[in-house]
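Values in this text are rule-based calculations from the coordinates and carry no lab data. Remember, predicted model here, so these are calculated numbers, not experimental data. Using ideal geometry, Cβ is built from the backbone for each residue, glycine included, and neighbour counts are taken over all protein chains shown.
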Amino acid sequence: MNKKIVLLPVLLLMMLSFTSCNESTAVSQYDNWQQRNQTFLDSLQNVVDSKSNPNLFVVTPMSNSKLKIYAEKVAGYEGQGSAPLFTDTIQVYYRGKLINGEVFDQNFQGVNPDANLDVPVKYPVFTSDAKYQIITGWTEVLQKMKKGERWLVYIPYQLAYGSAGSGAILGYSTLIFDINLVNYWSHKSN
């Protein structure tokens, strides 16, 4: 009986030591990030090709016609007039996310912008002023939207923050923006 009592703790100790030798193989949500972002864009192209979502369309950037920005107009947000020009100032509600759903920037909190709670921001459509951090894809899309429209936009990393990234945004990140163009003005009238 004494042998059994002594052997049991020794056996348990040996089992614990063997299990503690296993390496942790936890998977980060950012593992294979570049490939995951490319696969995400490829899946959008497959949707466009198959026409399984007739609302999803391609915006071909003027800055690089070999790349594609994918966009979808949100129902209930009808546009009016013409699109802003490269030199105009816009007023928008927006939310920016990564493909894993992580929000990196936003100026509205709920599912939809609420004029009673949220405040739209003003940005130039294009500027070289670093304080705005205007990405090429943002500039390309805004020149296609009409006042009042809301789009979901998928911008590849080459038209965003590139392979280096910016702050919390890793390199090779496809950026997903929910943009509601509230208004715009010519710089001449400011």
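For a quick check: with amide H placed at 1.01 Å from N, whose amide H comes under 5 Å from PHE104's, ignoring anything fewer than 5 positions away on the same chain?
Excluding prolines and chain starts, which carry no amide H, the hits are GLY96, LYS97, LEU98.
So how do 120-132, 90-102, 42-54, 144-156 stack up, highest first, on mean other-Cβ count within 10 Å?
144-156, 90-102, 120-132, 42-54
Going by how many other Cβ atoms sit within 10 Å of their own, how do ASP178, ASP31 line up, fewest first?
Least to most surrounded, the residues fall as ASP31, ASP178.
Run the reach check for LYS68 against aspartates and glutamates, Cα to Cα strictly under 15 Å, same-chain hits fewer than 8 apart removed. What comes back?
Within reach: ASP42, ASP49, GLU140.
Kindly flag which residue pairs out of LYS73/LYS144; LYS122/LYS144; LYS66/LYS146; LYS97/LYS146 have an alpha-carbon separation exceeding 19 Å in this structure.
LYS66/LYS146; LYS97/LYS146
So how do PHE177, PHE40 line up by other beta-carbon neighbours within 10 Å, fewest first?
Exposure proxy ranking, most exposed first: PHE40, PHE177.
What spacing in nm lies between the two simple spin-label points modelled at HIS187 and SER28, each 7 Å away from Cα in the Cβ direction?
4.1 nm
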